[in-house]
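S.K.: For reference, the structure I am asking about is given below.
The values are calculated or read from the model by the stated rules, or taken from the named source; none is laboratory data. Here the structure is a predicted model, which means the values were calculated and not measured. Cβ atoms come from the backbone with ideal geometry, glycine included; neighbour counts cover every protein chain shown. Areas reflect the complete protein model, heavy atoms only, side chains present, ligands, DNA and RNA absent. Shrake-Rupley method; radii C 1.70, N 1.55, O 1.52, S 1.80 Å.
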Amino acid sequence: MSVKPLREGGPAARIAVIAGDGIGKEVTPESVKAIRSAITSARRQIEFVEFDWGADKFLREGVSLPAGAVEMLASEFDAILFGALGDPRVPSNQHAADILLGLRFKLDLFVNARPVELFHQRLTPLRDRSANDIRFMVFRENTEGLYVGVGGFFKKDTPDEIAVQEDVNSRKGVERIIRHAFDYARRNQLKRVCMSDKSNAMNFAHDLWQRVFKQVLQEYPEIESRHLYIDTLAMEVVRDPRQFDVIVTCNLFGDIISDLGAQLAGGLGLAPSGNIHPGRTSLFEPVHGSAPNIAGKGIANPLGSILTSGMMLDFLGWKSEGDALRNAVRSALQENFVTPDLGGDKGTVEVGDWIAKRVGDR
(Lines give C-alpha, C1' and ligand atoms only; values in the text may rest on other atoms or scores of the structure.)
Protein backbone atom coordinates (compact mmCIF):
# COMPACT_ATOMS: atom_id res chain seq x y z
CA MET A 1 0.00 0.00 0.00
CA SER A 2 1.07 3.56 -0.54
CA VAL A 3 1.13 5.66 2.58
CA LYS A 4 -0.86 8.85 3.04
CA PRO A 5 1.19 11.40 5.03
CA LEU A 6 -0.28 11.70 8.52
CA ARG A 7 -1.38 15.14 9.66
CA GLU A 8 0.77 17.08 12.11
CA GLY A 9 -0.59 17.88 15.57
CA GLY A 10 -3.45 16.11 17.31
CA PRO A 11 -4.02 12.38 16.83
CA ALA A 12 -1.63 10.51 14.58
CA ALA A 13 -4.60 9.62 12.34
CA ARG A 14 -8.25 10.53 11.96
CA ILE A 15 -10.55 7.79 10.71
CA ALA A 16 -14.09 8.31 9.45
CA VAL A 17 -16.27 5.32 10.38
CA ILE A 18 -19.32 4.57 8.21
CA ALA A 19 -20.91 1.35 9.48
CA GLY A 20 -23.82 1.62 7.05
CA ASP A 21 -26.50 -1.07 6.98
CA GLY A 22 -27.20 -4.62 8.10
CA ILE A 23 -24.25 -6.51 9.51
CA GLY A 24 -22.03 -3.51 8.79
CA LYS A 25 -23.36 -2.08 12.05
CA GLU A 26 -22.31 -5.25 13.88
CA VAL A 27 -18.88 -6.02 12.44
CA THR A 28 -17.51 -2.47 12.23
CA PRO A 29 -17.47 -1.91 16.02
CA GLU A 30 -15.48 -5.13 16.37
CA SER A 31 -12.92 -3.78 13.91
CA VAL A 32 -12.65 -0.52 15.84
CA LYS A 33 -12.17 -2.55 19.02
CA ALA A 34 -9.38 -4.59 17.41
CA ILE A 35 -7.67 -1.47 16.05
CA ARG A 36 -7.78 0.21 19.46
CA SER A 37 -6.14 -2.85 20.99
CA ALA A 38 -3.43 -2.91 18.31
CA ILE A 39 -2.57 0.78 18.57
CA THR A 40 -2.65 0.81 22.39
CA SER A 41 0.05 -1.83 22.45
CA ALA A 42 2.07 0.28 20.00
CA ARG A 43 1.37 3.59 21.79
CA ARG A 44 -0.21 5.12 18.69
CA GLN A 45 -3.21 7.43 18.59
CA ILE A 46 -6.26 7.35 16.33
CA GLU A 47 -9.39 9.45 16.47
CA PHE A 48 -12.51 7.70 15.17
CA VAL A 49 -15.43 9.83 13.99
CA GLU A 50 -18.69 8.00 13.23
CA PHE A 51 -21.14 8.98 10.49
CA ASP A 52 -24.70 7.62 10.32
CA TRP A 53 -24.87 7.44 6.54
CA GLY A 54 -27.00 4.54 5.40
CA ALA A 55 -30.55 3.35 4.81
CA ASP A 56 -31.92 4.70 8.11
CA LYS A 57 -30.80 8.24 7.34
CA PHE A 58 -31.90 7.95 3.73
CA LEU A 59 -35.41 6.81 4.73
CA ARG A 60 -35.66 9.34 7.53
CA GLU A 61 -34.24 12.42 5.79
CA GLY A 62 -33.96 11.58 2.11
CA VAL A 63 -30.19 12.14 2.39
CA SER A 64 -27.58 9.65 1.23
CA LEU A 65 -24.25 11.46 0.88
CA PRO A 66 -24.63 14.89 2.54
CA ALA A 67 -23.55 18.06 0.75
CA GLY A 68 -19.87 18.77 1.30
CA ALA A 69 -19.18 15.27 2.61
CA VAL A 70 -16.56 14.39 0.00
CA GLU A 71 -14.59 17.60 0.54
CA MET A 72 -14.76 17.15 4.32
CA LEU A 73 -13.50 13.57 4.16
CA ALA A 74 -10.69 14.51 1.77
CA SER A 75 -9.44 17.39 3.89
CA GLU A 76 -10.02 16.20 7.45
CA PHE A 77 -9.48 12.43 7.47
CA ASP A 78 -6.67 10.03 6.67
CA ALA A 79 -8.88 7.06 5.87
CA ILE A 80 -12.45 5.78 5.89
CA LEU A 81 -13.43 2.50 7.58
CA PHE A 82 -16.57 1.28 5.85
CA GLY A 83 -19.06 -1.39 6.87
CA ALA A 84 -21.64 -2.35 4.26
CA LEU A 85 -24.58 -0.84 2.40
CA GLY A 86 -27.82 -2.41 1.24
CA ASP A 87 -31.26 -2.60 2.81
CA PRO A 88 -34.45 -4.27 1.51
CA ARG A 89 -36.39 -1.17 2.54
CA VAL A 90 -34.60 0.65 -0.30
CA PRO A 91 -35.22 -1.69 -3.26
CA SER A 92 -33.38 0.57 -5.68
CA ASN A 93 -30.30 0.64 -3.42
CA GLN A 94 -30.02 4.30 -4.42
CA HIS A 95 -28.41 5.31 -1.13
CA ALA A 96 -25.73 2.65 -1.53
CA ALA A 97 -24.87 3.81 -5.04
CA ASP A 98 -24.80 7.46 -3.95
CA ILE A 99 -22.52 6.80 -0.98
CA LEU A 100 -20.14 4.05 -2.02
CA LEU A 101 -19.84 4.76 -5.72
CA GLY A 102 -19.96 8.47 -4.99
CA LEU A 103 -16.96 8.21 -2.71
CA ARG A 104 -15.05 5.94 -5.08
CA PHE A 105 -15.47 8.27 -8.03
CA LYS A 106 -15.38 11.66 -6.30
CA LEU A 107 -12.31 10.78 -4.20
CA ASP A 108 -10.76 9.24 -7.35
CA LEU A 109 -10.03 5.95 -5.59
CA PHE A 110 -8.64 4.32 -8.71
CA VAL A 111 -7.06 1.30 -7.00
CA ASN A 112 -9.29 -1.48 -5.76
CA ALA A 113 -6.91 -3.76 -3.87
CA ARG A 114 -8.13 -7.28 -3.10
CA PRO A 115 -5.63 -9.53 -1.33
CA VAL A 116 -6.27 -13.26 -1.66
CA GLU A 117 -4.70 -15.19 1.20
CA LEU A 118 -5.59 -18.60 2.57
CA PHE A 119 -5.33 -18.53 6.37
CA HIS A 120 -6.23 -22.19 6.98
CA GLN A 121 -6.13 -25.21 4.67
CA ARG A 122 -9.62 -26.39 5.64
CA LEU A 123 -11.20 -23.26 4.17
CA THR A 124 -10.28 -23.76 0.50
CA PRO A 125 -12.39 -25.86 -1.88
CA LEU A 126 -9.21 -26.81 -3.74
CA ARG A 127 -7.80 -30.24 -2.98
CA ASP A 128 -4.38 -30.58 -1.35
CA ARG A 129 -3.66 -26.84 -1.21
CA SER A 130 -1.89 -25.17 1.70
CA ALA A 131 -1.69 -21.57 2.83
CA ASN A 132 1.55 -21.18 0.86
CA ASP A 133 -0.27 -22.05 -2.37
CA ILE A 134 -2.90 -19.30 -2.26
CA ARG A 135 -1.44 -15.86 -1.69
CA PHE A 136 -1.73 -13.13 -4.33
CA MET A 137 -3.00 -9.59 -4.83
CA VAL A 138 -5.62 -8.48 -7.34
CA PHE A 139 -5.59 -4.84 -8.45
CA ARG A 140 -8.81 -3.77 -10.14
CA GLU A 141 -9.14 -0.46 -11.95
CA ASN A 142 -11.85 1.22 -9.87
CA THR A 143 -13.05 4.35 -11.68
CA GLU A 144 -13.48 3.47 -15.36
CA GLY A 145 -14.62 0.61 -17.56
CA LEU A 146 -18.18 -0.62 -17.77
CA TYR A 147 -19.09 0.69 -14.32
CA VAL A 148 -19.06 4.39 -15.14
CA GLY A 149 -22.70 4.37 -16.23
CA VAL A 150 -22.26 5.62 -19.78
CA GLY A 151 -25.01 4.25 -22.00
CA GLY A 152 -28.74 4.24 -22.37
CA PHE A 153 -31.93 2.68 -23.69
CA PHE A 154 -33.69 3.04 -27.02
CA LYS A 155 -37.34 1.98 -27.32
CA LYS A 156 -37.34 0.82 -23.71
CA ASP A 157 -39.99 -1.73 -22.71
CA THR A 158 -40.86 -2.52 -26.31
CA PRO A 159 -40.04 -5.63 -28.35
CA ASP A 160 -37.46 -3.54 -30.22
CA GLU A 161 -35.64 -2.33 -27.10
CA ILE A 162 -31.90 -1.69 -27.36
CA ALA A 163 -29.62 -1.28 -24.32
CA VAL A 164 -26.11 0.12 -24.72
CA GLN A 165 -23.40 0.13 -22.05
CA GLU A 166 -20.09 1.79 -22.90
CA ASP A 167 -16.69 0.51 -21.73
CA VAL A 168 -14.69 3.65 -20.94
CA ASN A 169 -10.88 3.34 -20.73
CA SER A 170 -8.44 6.25 -20.66
CA ARG A 171 -4.70 6.02 -21.15
CA LYS A 172 -4.23 7.81 -17.83
CA GLY A 173 -6.53 5.39 -16.03
CA VAL A 174 -5.01 2.27 -17.54
CA GLU A 175 -1.44 3.39 -17.02
CA ARG A 176 -1.80 4.38 -13.39
CA ILE A 177 -3.37 1.08 -12.28
CA ILE A 178 -0.80 -0.98 -14.22
CA ARG A 179 2.03 1.10 -12.82
CA HIS A 180 0.60 0.72 -9.32
CA ALA A 181 0.65 -3.06 -9.72
CA PHE A 182 4.31 -3.07 -10.76
CA ASP A 183 5.26 -0.66 -7.99
CA TYR A 184 3.53 -2.87 -5.45
CA ALA A 185 5.39 -5.93 -6.73
CA ARG A 186 8.73 -4.13 -6.62
CA ARG A 187 8.11 -2.70 -3.15
CA ASN A 188 7.14 -6.09 -1.75
CA GLN A 189 9.85 -8.02 -3.63
CA LEU A 190 7.32 -10.04 -5.60
CA LYS A 191 8.45 -11.64 -8.83
CA ARG A 192 5.41 -11.78 -11.11
CA VAL A 193 2.76 -9.42 -12.49
CA CYS A 194 -0.03 -10.73 -14.70
CA MET A 195 -2.24 -8.33 -16.70
CA SER A 196 -5.58 -9.70 -17.85
CA ASP A 197 -7.92 -8.37 -20.53
CA LYS A 198 -10.06 -9.59 -23.43
CA SER A 199 -8.24 -7.82 -26.24
CA ASN A 200 -8.94 -10.64 -28.69
CA ALA A 201 -12.63 -9.66 -28.59
CA MET A 202 -12.58 -6.08 -27.25
CA ASN A 203 -10.14 -4.88 -29.87
CA PHE A 204 -10.41 -1.16 -29.12
CA ALA A 205 -10.74 -0.80 -25.33
CA HIS A 206 -8.36 -3.59 -24.47
CA ASP A 207 -5.90 -2.90 -27.22
CA LEU A 208 -5.16 0.17 -25.09
CA TRP A 209 -4.48 -2.13 -22.12
CA GLN A 210 -2.12 -4.21 -24.26
CA ARG A 211 -0.12 -1.24 -25.50
CA VAL A 212 0.19 0.44 -22.11
CA PHE A 213 1.17 -2.82 -20.39
CA LYS A 214 3.95 -3.46 -22.88
CA GLN A 215 5.21 0.06 -22.41
CA VAL A 216 5.19 0.08 -18.60
CA LEU A 217 6.71 -3.38 -18.10
CA GLN A 218 9.94 -2.20 -19.73
CA GLU A 219 10.58 -0.06 -16.64
CA TYR A 220 10.51 -3.13 -14.37
CA PRO A 221 12.94 -5.60 -15.95
CA GLU A 222 13.38 -7.59 -12.73
CA ILE A 223 9.69 -8.53 -12.66
CA GLU A 224 8.29 -11.36 -14.77
CA SER A 225 5.48 -9.86 -16.85
CA ARG A 226 2.69 -11.96 -18.25
CA HIS A 227 -0.60 -11.49 -20.08
CA LEU A 228 -3.62 -13.80 -19.92
CA TYR A 229 -7.09 -13.38 -21.36
CA ILE A 230 -9.62 -13.22 -18.55
CA ASP A 231 -11.22 -16.58 -19.29
CA THR A 232 -7.80 -18.25 -19.25
CA LEU A 233 -6.88 -16.41 -16.04
CA ALA A 234 -10.01 -17.70 -14.30
CA MET A 235 -9.11 -21.27 -15.25
CA GLU A 236 -5.48 -20.89 -14.23
CA VAL A 237 -6.27 -19.33 -10.85
CA VAL A 238 -8.32 -22.43 -10.02
CA ARG A 239 -5.88 -24.91 -11.58
CA ASP A 240 -2.73 -23.56 -9.92
CA PRO A 241 -2.99 -20.37 -7.83
CA ARG A 242 0.69 -20.68 -6.87
CA GLN A 243 1.72 -19.16 -10.19
CA PHE A 244 0.37 -15.69 -9.32
CA ASP A 245 1.81 -12.90 -7.19
CA VAL A 246 0.05 -9.78 -8.58
CA ILE A 247 -2.87 -9.60 -11.01
CA VAL A 248 -4.01 -6.32 -12.57
CA THR A 249 -7.10 -5.90 -14.70
CA CYS A 250 -10.07 -3.71 -15.56
CA ASN A 251 -13.07 -2.84 -13.42
CA LEU A 252 -15.47 -5.60 -14.52
CA PHE A 253 -12.93 -8.41 -14.75
CA GLY A 254 -11.33 -7.37 -11.46
CA ASP A 255 -14.71 -7.53 -9.76
CA ILE A 256 -15.18 -11.11 -10.95
CA ILE A 257 -11.67 -12.53 -10.53
CA SER A 258 -11.25 -11.10 -7.02
CA ASP A 259 -14.46 -12.81 -5.86
CA LEU A 260 -13.25 -16.06 -7.40
CA GLY A 261 -10.00 -15.63 -5.49
CA ALA A 262 -11.89 -14.88 -2.29
CA GLN A 263 -13.79 -18.15 -2.61
CA LEU A 264 -10.52 -20.06 -2.97
CA ALA A 265 -9.37 -18.47 0.31
CA GLY A 266 -12.48 -19.25 2.35
CA GLY A 267 -15.28 -17.09 1.03
CA LEU A 268 -16.38 -13.46 1.07
CA GLY A 269 -16.56 -13.47 4.87
CA LEU A 270 -12.76 -13.41 4.91
CA ALA A 271 -12.28 -10.98 2.02
CA PRO A 272 -10.92 -7.49 2.74
CA SER A 273 -10.53 -4.68 0.25
CA GLY A 274 -9.11 -1.20 -0.10
CA ASN A 275 -10.28 1.60 -2.39
CA ILE A 276 -7.12 3.63 -2.63
CA HIS A 277 -5.61 6.74 -4.13
CA PRO A 278 -1.97 6.73 -3.00
CA GLY A 279 -1.23 9.71 -0.78
CA ARG A 280 -4.89 10.69 -0.37
CA THR A 281 -7.82 9.78 1.86
CA SER A 282 -8.78 6.21 0.99
CA LEU A 283 -11.64 3.87 1.86
CA PHE A 284 -11.43 0.35 3.27
CA GLU A 285 -14.36 -2.08 3.27
CA PRO A 286 -15.00 -5.79 3.73
CA VAL A 287 -16.49 -7.43 0.66
CA HIS A 288 -19.29 -9.46 2.27
CA GLY A 289 -22.12 -6.94 1.93
CA SER A 290 -24.89 -6.06 4.39
CA ALA A 291 -26.39 -9.60 4.63
CA PRO A 292 -29.84 -8.48 5.81
CA ASN A 293 -30.91 -12.11 6.29
CA ILE A 294 -28.63 -12.48 9.33
CA ALA A 295 -28.49 -8.87 10.54
CA GLY A 296 -29.37 -8.46 14.20
CA LYS A 297 -28.79 -12.12 15.07
CA GLY A 298 -25.32 -11.63 16.54
CA ILE A 299 -23.71 -14.25 14.30
CA ALA A 300 -22.12 -12.04 11.62
CA ASN A 301 -18.50 -12.85 10.90
CA PRO A 302 -16.27 -9.85 11.81
CA LEU A 303 -13.04 -11.29 10.42
CA GLY A 304 -13.39 -9.75 6.95
CA SER A 305 -13.82 -6.34 8.53
CA ILE A 306 -10.86 -6.91 10.85
CA LEU A 307 -8.66 -7.97 7.93
CA THR A 308 -9.82 -4.82 6.12
CA SER A 309 -8.71 -2.81 9.14
CA GLY A 310 -5.31 -4.45 8.81
CA MET A 311 -5.10 -3.13 5.25
CA MET A 312 -6.02 0.33 6.51
CA LEU A 313 -3.24 0.23 9.11
CA ASP A 314 -0.79 -0.80 6.39
CA PHE A 315 -1.93 2.22 4.38
CA LEU A 316 -1.29 4.47 7.37
CA GLY A 317 2.26 3.12 7.53
CA TRP A 318 1.63 0.91 10.58
CA LYS A 319 2.40 -2.47 9.09
CA SER A 320 3.33 -4.17 12.37
CA GLU A 321 -0.12 -3.37 13.74
CA GLY A 322 -1.72 -4.57 10.50
CA ASP A 323 0.27 -7.81 10.79
CA ALA A 324 -0.97 -8.18 14.38
CA LEU A 325 -4.58 -8.16 13.18
CA ARG A 326 -3.86 -10.69 10.44
CA ASN A 327 -2.00 -12.97 12.83
CA ALA A 328 -4.88 -12.82 15.31
CA VAL A 329 -7.33 -13.80 12.56
CA ARG A 330 -5.05 -16.67 11.59
CA SER A 331 -4.98 -17.84 15.23
CA ALA A 332 -8.77 -17.61 15.55
CA LEU A 333 -9.16 -19.85 12.49
CA GLN A 334 -6.57 -22.31 13.75
CA GLU A 335 -8.35 -22.57 17.10
CA ASN A 336 -11.80 -22.53 15.45
CA PHE A 337 -12.89 -19.56 17.57
CA VAL A 338 -15.14 -18.37 14.76
CA THR A 339 -18.75 -17.72 13.77
CA PRO A 340 -21.08 -20.41 12.32
CA ASP A 341 -20.38 -19.52 8.67
CA LEU A 342 -16.79 -20.69 9.22
CA GLY A 343 -17.75 -23.84 11.14
CA GLY A 344 -17.65 -22.42 14.67
CA ASP A 345 -20.27 -21.59 17.25
CA LYS A 346 -19.21 -18.13 18.45
CA GLY A 347 -21.02 -14.83 18.17
CA THR A 348 -19.86 -11.62 16.53
CA VAL A 349 -18.91 -9.87 19.79
CA GLU A 350 -17.25 -13.01 21.20
CA VAL A 351 -14.96 -13.23 18.19
CA GLY A 352 -14.27 -9.50 18.30
CA ASP A 353 -13.35 -9.68 21.98
CA TRP A 354 -11.09 -12.68 21.35
CA ILE A 355 -9.25 -10.92 18.51
CA ALA A 356 -8.81 -7.72 20.55
CA LYS A 357 -7.38 -9.68 23.48
CA ARG A 358 -5.04 -11.68 21.26
CA VAL A 359 -3.77 -8.49 19.62
CA GLY A 360 -3.35 -6.75 22.99
CA ASP A 361 -1.44 -9.69 24.47
CA ARG A 362 1.15 -9.85 21.70
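S.K.: Using a 7 Å offset from the Cα along the Cα-to-Cβ direction at both residue 150 and residue 219, what is the distance between the two label points in nm, to one decimal?
M.R.: Simple spin-label model gives 2.4 nm for this pair.
S.K.: What part of the accessible area of the chain, given as a whole %, is carbon or sulfur when the probe is 1.4 angstrom? Mind showing how you got there, number by number?
M.R.: Values: 7920 of 15680 Å².
Result for the chain: 51 percent of the exposed heavy-atom area is carbon or sulfur.
S.K.: Ok, one more. Aspartates and glutamates near residue 346 by alpha-carbon distance under 19 Å, same-chain residues fewer than 8 away left out - which ones?
M.R.: Cα-Cα hits under 19 Å: 26, 30, 335.
S.K.: Evaluate region 16-72: find the radius of gyration of its Cα atoms, find its Kirkwood radius, and give the ratio Rg to Rh.
M.R.: On the way: Rg = 13.9 Å, Rh = 12.9 Å.
That ratio equals 1.07.
S.K.: Considering the dipole of region 179-300 built from charges on the beta carbon (Lys and Arg +1, Asp and Glu -1) around the Cα centre, which of 185, 265, 286 is farthest to its positive end?
M.R.: My answer, from the dipole projection, is 185.
S.K.: Now, a different point. Cα centroids of region 51-90 and region 232-269: how far apart, whole angstrom?
M.R.: One Cα centre to the other: 30 Å.
S.K.: Which lysines does residue 319 reach when only Cα atoms under 22 Å apart count, and residues fewer than 8 places away in its own chain are ignored?
M.R.: Filter leaves 4, 33, 191, 357.
S.K.: A follow-up question, please. Just to be sure I understand: of the beta bridges DSSP finds with both ends in region 105-264, what percent are antiparallel, rounded to 5?
M.R.: For region 105-264, the DSSP antiparallel bridge percentage is about 45.
S.K.: Sort out the exposed loop GluC sites (Glu not before Pro) in the chain (DSSP loop, at most 16 other Cβ within 10 Å) and tell me the longest stretch that has none.
M.R.: Working: sites that count: 8, 161, 166, 222, 335.
The longest uninterrupted stretch comes out as 9-160.
S.K.: Which whole-number value in Å² is the accessible area per residue of the chain, probe 1.4 Å?
M.R.: Numbers: 15680 Å² over 362 residues.
With the other protein chains kept in place, the chain gives 43 Å² per residue.
S.K.: Taking region 148-199, which trypsin sites (Lys or Arg not before Pro) meet the DSSP loop condition and have no more than 16 other C-beta atoms within 10 Å? If you can, show how the numbers build up before the last one.
M.R.: On the way: sites: 155, 156, 171, 172, 176, 179, 186, 187, 191, 192, 198; in loops: 155, 156, 191, 198.
For trypsin sites (Lys or Arg not before Pro) across region 148-199 that sit outside H, G, I, E and B with at most 16 neighbouring Cβ atoms in 10 Å, the list reads 155, 156, 191.
S.K.: Which whole-Hz ³J(HN,Hα) couplings does region 285-297 yield from phi under the Karplus relation 6.51 cos²θ - 1.76 cosθ + 1.60, θ = phi - 60°, glycine and proline marked x?
M.R.: For region 285-297, the Karplus-derived couplings read 9, x, 8, 5, x, 7, 6, x, 5, 10, 4, x, 8 Hz, x marking Gly and Pro.
S.K.: Looking at the calculated P(r) for region 132-258, what percent of the C-alpha pair distances fall above 19 Å? Mind showing how you got there, number by number?
M.R.: Details: 3994 of 8001 pairs.
For region 132-258, the share of Cα pairs beyond 19 Å comes to 50 percent.
S.K.: Sticking with this structure for a sec: Quick one: Cα convex hull volume of region 226-361, Å³ per residue?
M.R.: Numbers: hull volume 19.5 nm³, N = 136.
Enclosed volume per residue, from the Cα hull, is 143 Å³.
S.K.: Let me ask another. Going by amide H atoms built from the backbone, whose H comes under 5 Å of the H on residue 48, apart from near neighbours?
M.R.: 15
S.K.: Next question, about the same structure. Please report, in debye to the nearest 20, how large the charge dipole of the chain is about its Cα centre when each Lys and Arg carries +1 at its beta carbon and each Asp and Glu carries -1 there. Provide the component values of the computation, followed by the final result.
M.R.: Numbers: 44 positive and 48 negative charges, 188 e Å.
In total the dipole reaches around 900 debye.
S.K.: Only loop residues by DSSP count here, and only those with at most 13 other Cβ atoms within 10 Å; note down the chymotrypsin sites (Phe, Trp or Tyr not before Pro) in region 175-224 that meet that.
M.R.: Numbers: sites: 182, 184, 204, 209, 213; in loops: 204.
Those that pass, being in a loop and sparsely packed, are 204.
S.K.: So what is the calculated 222 nm ellipticity per residue for the chain, using -39500 (n - 2.57) for each DSSP H run with n of 4 or more, over all residues, to the nearest 500 deg cm²/dmol?
M.R.: -11500 deg cm²/dmol
S.K.: Here is a follow-up. If you place +1 on the Cβ of every Lys and Arg, -1 on the Cβ of every Asp and Glu, and leave all else neutral, what size is the dipole of region 130-222 about its Cα centre, to the nearest 20 Debye? If you can, show how the numbers build up before the last one.
M.R.: Details: 15 positive and 14 negative charges, 105 e Å.
Its charge dipole is roughly 500 debye.
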